[in-house]
Amino acid sequence: MATRDTMRAVREQIVKPRINPFEMMLHQLDLARAHTNIPGGIWEILCRPERALEVSVPITRDDGEIEVFTGYRVQYSSARGPCKGGIRYHPGVTLDEVKALAGWMAWKCALVNIPYGGGKGGIACDPTRLSERELERMTRCYTARILPLIGPKQDIPAPDVNTNASIMNWIVDTASALRGEAVPGIVTGKSIELGGALGRREATGRGVVFTAIGILQRLGIDVTQARIAVQGFGNVGSIAAQLLAKQGAKVVGISDVSCGYYCPNGFDIDDVIRYVETSPGHLLAGYSTPGMEEITNDDLFTLDVDVLIPAALEAQITSRNAANVQAKVIVEGANGPTTPEADLILAEEETVVVPDILANAGGVVCSYFEWVQNIQCFAWEEKETNQRLGRVMQRALTEVWDLSQERQISLRLAAFVLGVERVAQAIRLRGVFL
Ligand code: NAD
């Protein structure tokens, strides 16, 4: 049961001072510059979003009071195609966070070579304090306010932290009502019955696992012998843990915003998922299994594992805790979980970091497949989606690995160079309008 202590712990996590993610993203971009030949003017274009919209989102609460939230939609780049990126509901959402996430989307889509730019959206709110009806009203108001910017050919949202298929369904319904036509392709990650793609819900976690296995193979580590720790037990973390366990790996550490657990013999991940599906707030708090002990999120990072998968929020591995990381490999399920200072420390320790824009790209790749199916009014079988997803992820991983070997640079730098150069090339080819 989520107790009062649990909820207090949740709120303490939320109000922790946070590193500015946009500055972090720009710093990563800057590091990549020396490895590219992108001219100054085009570099200037890459360093700022094309468009950023802030909206007020007033709703009538169930008790009749009006509450006003702040929402954002940022379109970082449309050079390679319509903007693409999720919508986050979280108290920590700021314009700078959304700008950073939109930028990472632009480099990610280019890296995996799908015809999208980058975008992202969010509302600063604590969804755990809203009823289902309030959540729906907030989503519909936000949709109406960002509607001039979004559309299947303009900018296509998807789920991110604290958003899911139901929220995407409300966006489709609101947009279709206001536009007077069916626009299922305005979002991805919606329910299958409304045109969602089979396999989309699992796609980000599946992509994390594809890249984790690909890297373990290259490092000569047998996945069936691998010990895994996962921070964040939501969409990305729980599916990654489940699929790795299916491959024979032992998931020994798990955590979320409420607590963390260590079980040296490995968790039965299906059992944990069943628990979380019905637990208050879908949190791990209150779970128990023989041989398990409670740990903090900080402890989780210090576990002696082969693979650590941060799958929660930005700036979790910092200069404060990076030296304590014992994992041989970090596979970034979350966006921006490792700060640039932590990257330096991890490099000294020879920890291999598989960067977010590669490791978690499975979600947007499958979103692309969903969008293609919506445009064609044709649904693929899940097997086809997963096979195509595997091919795209393998190709991107090989390209990043080869470049990092050839130039003796980190996987993050290699991924940034590939992604950013592709966006720059699209800008060059299109030319500057006016
Ligand atoms: P989610 O809301 O389903 O799950 C988030 C999880 O993180 C929850 O278990 C939550 O309790 C936990 N968490 C939140 N704050 C925490 C904290 N301070 N410490 C520990 N745990 C904390 O979200 P998600 O969709 O799984 O997204 C997780 C990350 O993956 C985000 O960085 C997101 O941008 C990224 N991502 C998601 C997708 C996707 O398709 N959903 C795609 C690419 C990247």
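The values are calculated or read from the model by the stated rules, or taken from the named source; none is laboratory data. Here the structure is a predicted model, which means the values were calculated and not measured. All Cβ positions, glycine included, derive from the backbone under ideal geometry; neighbour counts span all protein chains shown. All accessible areas refer to the heavy atoms of the entire protein, side chains included, with ligands and DNA or RNA removed. Shrake-Rupley method; radii C 1.70, N 1.55, O 1.52, S 1.80 Å.
Miscellaneous remarks
- Within the range 264-284, residues that are charged (D, E, K, R) and modelled with pLDDT of 95 or more have Cβ atoms under 6 Å from residues that are away from the ligand (no atom under 11 Å from the Cβ) and part of a helix (DSSP H, G or I) in no pair, counting only partners at least 6 apart in sequence or on another chain.
- Among (1) among the β-branched types (V, I, T); (2) touching a residue at least 60 places away in the same chain (Cβ under 8 Å); (3) assigned to a helix (DSSP H, G or I) - the single one I228 does not satisfy: (3)
- Qualifying residue in the range 110-117 (condition: within 15 Å of the ligand (Cβ to nearest atom), surrounded by fewer than 22 Cβ atoms within 10 Å (Cβ to Cβ) and in contact (Cβ under 8 Å) with a residue 24 or more places away in the chain): yes
- Some residue of the range 212-220 being surrounded by 22 or more Cβ atoms within 10 Å (Cβ to Cβ) and over 19 Å from P355 (Cα atoms): no
- For G336, the criteria (1) in a helix (DSSP H, G or I); (2) open to solvent by less than 30 Å² (accessible area, probe 1.4 Å) hold in every case but one, which is (1).
- R407 surrounded by fewer than 17 Cβ atoms within 10 Å (Cβ to Cβ) and closer than 18 Å to V209 by Cβ: no
- Exclusive hit being open to solvent by less than 10 Å² (accessible area, probe 1.4 Å), among the aliphatic types (A, V, I, L, M), within 27 Å of L389 (Cα to Cα) and out of contact with any Phe, Trp or Tyr (no Cβ under 7 Å at 6 or more places or on another chain), set L308, L346, L313, L358: L358
- Filtered residues of the range 243-269 (kept if of a type outside the set (V, I, T) and either buried (at least 21 other Cβ atoms within 10 Å of the Cβ) or within 12 Å of the ligand (Cβ to nearest atom) (or both)): L244, A249, G253, S255, D256, S258, C259, G260, Y261, F267
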